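Trainee: Before anything else, here's the structure in question.
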Amino acid sequence: MGRAFLIVLDSVGIGGAPDATAYGDAGADTLGNIARACAAGRAESGRAGRLRMPVLDALGLGASAALASGRALPGFDATGARAQGRWGAAVETSRGKDTPSGHWEIAGQPVDWDWTVFPDRVPAFPPDLAAAAAEAAGTAGILGNCRASGTEIIARLGEEHLRTGWPICYTSADSVFQIAAHEGAFGLERLMAMCAALAPRLHAMRVGRVIARPFTGAPGAFARTANRRDFALPPPAPTLLDLAVAAGRAVHSVGKIGDIFAHRATGTLHKAPDDAGLMACLDALAASAEAGALIVANLVEFDSLYGHRRDVAGYARALEAADAWAGRFLPRLGPGDIAIFTADHGNDPTAPGTDHTRERVPVLIAGAGAGPLGPCVLADVGATVAAHLGLPRPAHGRNLL
């Protein structure tokens, strides 16, 4: 029995969302704008020249991007004439442009509500929530209470955190409540307990995630650690992962999939400090995962290290590294296996601000022949995986194959 590898390239959008303007994202095109910047010589840090992704382009990446945005990418196949995989472009039907709803819809469960997003002002949090956070920490108050970049706010408030012992609480344009604390001075277990205590209150407010952001180091040299944990609101109904577990199939969750799905039906967790390590996990699973298994992975560094930080060259380097890895990974698939590459939203590093961007995303399938899939919705991905594995069809989506 064949297996299914569902690989989410976090934030690798391809433009063309029909409702992008409503989200303030007119013209957003993560892959396309990076490719055009590379071709124009504006992404030369650590790399040079045009964006090179021959492996995923051979599956139909350039064609899916042209289908989504109506624009060809420099150096990519815009027609799919040479495609060796199945390719399409998916639109998200859920509201917003956040990580949980994108992943849940990929797994067959769109979101029909608006997430709570805290305002871009100081203070960002209502007084009762700030007081509850201080109480959960056992402190007289909190620091931050604003929208901020995680690395910036740690650099700015880390020394005061060490002096006062107060946790650093902040948010972003996503539906999140983030808590940064020093692993040594505040304590990792204490930080996790604080997040766990606050999560039910925030989930009741339709805040998608409470995120523990531990860091170490001294003033001037603070660094976040790999011990991040997301306390996520569970999906509102069964997802592809639930269907696999109910059918007795092995499920492997690579990267932050366990956190995104609130550790429900996420099976065996595979963690690593970076995307290179997560790719190594996928390589190992290609050799060891059980027949009929569902393997779901999130490769996050496109989003976390480069998209939010508006680092075009860094994003391009990460894309090229992932493509080189895909060239090594795909030959490891066995007979009957499929691998699907997709994304949960965009994060155009050429766009203003630091937020995700509302975009279509690629759907590329290896192991299922060649040719166009056409326009589709994210939920179709989960329905396609379910059909391949012989699972019941999720409540939303259609089989693309």
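Trainee: Could you please give the count of residues in segment 144-184 that are in a loop (DSSP other than H, G, I, E, B) and over 18 Å from residue 197 (Cβ atoms)?
Mentor: Summing the residues that are in a loop (DSSP other than H, G, I, E, B) and over 18 Å from residue 197 (Cβ atoms) in segment 144-184 gives 6.
Trainee: Hey, another quick one. Hey, any hits in segment 2-23 for a residue that's surrounded by fewer than 24 Cβ atoms within 10 Å (Cβ to Cβ), at pLDDT below 95, within 23 Å of the chain's Cα centre (by Cα) and at positive phi?
Mentor: No: segment 2-23 contains no residue that is surrounded by fewer than 24 Cβ atoms within 10 Å (Cβ to Cβ), at pLDDT below 95, within 23 Å of the chain's Cα centre (by Cα) and at positive phi.
Trainee: For segment 346-401, how many residues are of a type in the set (Asp, Glu) and within 23 Å of residue 323 (Cα to Cα)?
Mentor: Total satisfying the criteria: 2.
Trainee: Of the residues that make up segment 266-289, is at least one within 15 Å of residue 382 (Cβ to Cβ), over 13 Å from the mean Cα position of the chain (by Cα) and surrounded by fewer than 23 Cβ atoms within 10 Å (Cβ to Cβ)?
Mentor: For segment 266-289, residues within 15 Å of residue 382 (Cβ to Cβ), over 13 Å from the mean Cα position of the chain (by Cα) and surrounded by fewer than 23 Cβ atoms within 10 Å (Cβ to Cβ): present.
Trainee: Among 79, 93, which is the only one that is in a loop (DSSP other than H, G, I, E, B), among the hydroxyl-bearing types (Ser, Thr, Tyr) and more than 28 Å from residue 265 (Cα to Cα)?
Mentor: On the way: 93 fails: more than 28 Å from residue 265 (Cα to Cα).
The match here is 79.
Trainee: If you take the residues in segment 130-155 that are more than 17 Å from residue 214 (Cα to Cα) and among the charged types (D, E, K, R), which one is surrounded by the most Cβ atoms within 10 Å (Cβ to Cβ)?
Mentor: Here the answer is 147.
Trainee: Another question, if that's okay. From 342, 384, 357, grab the single residue that is among the β-branched types (Val, Ile, Thr), touching a Lys or Arg at 6+ places or on another chain (Cβ under 7 Å) and either under 20 Å from residue 292 (Cβ atoms) or surrounded by 19 or more Cβ atoms within 10 Å (Cβ to Cβ) (or both).
Mentor: Values: 342 fails: touching a Lys or Arg at 6+ places or on another chain (Cβ under 7 Å); 384 fails: touching a Lys or Arg at 6+ places or on another chain (Cβ under 7 Å).
Of 342, 384, 357, the one residue that is among the β-branched types (Val, Ile, Thr), touching a Lys or Arg at 6+ places or on another chain (Cβ under 7 Å) and either under 20 Å from residue 292 (Cβ atoms) or surrounded by 19 or more Cβ atoms within 10 Å (Cβ to Cβ) (or both) is 357.
Trainee: On to the next question. Any idea which of (1) under 22 Å from the mean Cα position of the chain (by Cα); (2) at pLDDT below 95 is the one residue 59 doesn't satisfy?
Mentor: It fails just one condition, (2).
Trainee: Can you go through 47, 36, 52 and tell me which one is over 25 Å from residue 280 (Cβ atoms) and surrounded by fewer than 24 Cβ atoms within 10 Å (Cβ to Cβ)?
Mentor: 36
Trainee: Consider residue 335 against the criteria (1) out of contact with any Asp or Glu (no Cβ under 9 Å at 6 or more places or on another chain); (2) part of a helix (DSSP H, G or I): it satisfies all of them except one. Which criterion is unmet?
Mentor: The number of the failed condition is (2).
Trainee: For residue 314, state whether it is surrounded by fewer than 22 Cβ atoms within 10 Å (Cβ to Cβ), touching a Phe, Trp or Tyr at 6+ places or on another chain (Cβ under 8 Å) and part of a helix (DSSP H, G or I).
Mentor: So residue 314 passes the test.
Trainee: Working carefully through the options 371, 314, 382, find the one that is under 23 Å from residue 40 (Cβ atoms), small (Gly, Ala, Ser) and in contact with a Gly (Cβ under 8 Å, 6 or more places away or on another chain).
Mentor: Residue meeting the stated conditions: 314.
The values are calculated or read from the model by the stated rules, or taken from the named source; none is laboratory data. Keep in mind that what you see is a predicted model, and the values were worked out from it rather than measured. So basically every Cβ, Gly included, is an ideal-geometry build from the backbone, and we count neighbours across all protein chains shown.
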